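The values are calculated or read from the model by the stated rules, or taken from the named source; none is laboratory data. Computed from a predicted model, the values in this text were never measured in an experiment. Reconstructed Cβ throughout: ideal geometry from the backbone, glycine too, with neighbour counts over all protein chains shown.
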Amino acid sequence: MKEDIIMPVVLAVIGSGALFTFIQFLITLAFSRKDKVKEIDQKIDKLADKMDENQAVLARTHILRFSDELKNGIHHSAEYFRQQLDDCDTYDRYCEEHPKFKNSYTMTANKHIKETFEQLTKEGKI
């Protein structure tokens, strides 16, 4: 009779220890995954920031090249002008949102592009 009682008690004690260990494992795994998700989120944010910066640098390159082409007498379509004006907006917006980013490069070029566009539009040349 004692054996009938002892065996379930022993199994319960062993089972509860294993269950506790398993629960600890699940909790540790959950925290580990939470940390990894946080780390991945931070990496994604850094990557998005870098992509935005690269887009601004590309826009700056377009702006400077286009301004130089205008100064050298190369004629462009209205659509190409609009694309360059979009690049000006993209670059200006990025610079406003990121005050530490060097943005003095395009001030003259932006002005030149906009003035040339307005002049050509008034003259009906584009």
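Yes/no per residue for (1) modelled with pLDDT of 95 or more; (2) in contact with a helix residue (DSSP H, G or I) (Cβ under 6 Å, 6 or more places away or on another chain); (3) at negative phi:
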position: E39; (1), (2), (3): no, no, yes
position: K43; (1), (2), (3): no, no, yes
position: K50; (1), (2), (3): yes, no, yes
position: T61; (1), (2), (3): yes, no, yes
position: L70; (1), (2), (3): yes, yes, yes
position: I74; (1), (2), (3): yes, no, yes
position: D87; (1), (2), (3): yes, yes, yes
position: E97; (1), (2), (3): no, no, yes
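Being among the β-branched types (V, I, T) and farther than 15 Å from T106 by Cα is the filter here; which residues of segment 33-62 pass it?
Residues satisfying the conditions are V37, I40, I44.
Test Q55 against the criterion of being in contact with a helix residue (DSSP H, G or I) (Cβ under 9 Å, 6 or more places away or on another chain) and in a helix (DSSP H, G or I), and give yes or no.
So Q55 passes the test.
Determine which member of the set R60, R93, R33 is touching a Phe, Trp or Tyr at 6+ places or on another chain (Cβ under 9 Å) and either part of a helix (DSSP H, G or I) or free of Cβ contacts under 8 Å to residues at least 12 places away in the same chain (or both).
Result of the check over R60, R93, R33: R60.
Could you please tell me which pairs satisfy a Cβ distance under 6 Å, a separation of 6+ or placement on different chains, a first residue in segment 37-50 that is touching a residue at least 40 places away in the same chain (Cβ under 8 Å), and a second residue that is part of a helix (DSSP H, G or I) and among the hydrophobic types (A, V, I, L, M, F, W, C)?
none
Of all residues in segment 54-76 being of a type in the set (G, A, S) and surrounded by 12 or more Cβ atoms within 10 Å (Cβ to Cβ), which is nearest to L120 (Cα to Cα)?
Here the residue is S67.
Output the residues belonging to segment 63-82 that are assigned to a helix (DSSP H, G or I) and in contact with a Leu (Cβ under 9 Å, 6 or more places away or on another chain).
If the condition is that a residue be assigned to a helix (DSSP H, G or I) and in contact with a Leu (Cβ under 9 Å, 6 or more places away or on another chain), then A78, F81 are the ones that fit.
Can you tell me which residue among E123, E96, E79, E118 is loosely packed, with under 15 Cβ neighbours inside 10 Å and under 23 Å from the mean Cα position of the chain (by Cα)?
E96
For segment 96-125, which positions are assigned to a helix (DSSP H, G or I) and in contact with a Cys (Cβ under 6 Å, 6 or more places away or on another chain)?
N110
Would segment 46-53 turn up any residue that is within 30 Å of I126 (Cα to Cα) and surrounded by 13 or more Cβ atoms within 10 Å (Cβ to Cβ)?
The answer is no; no qualifying residue exists.
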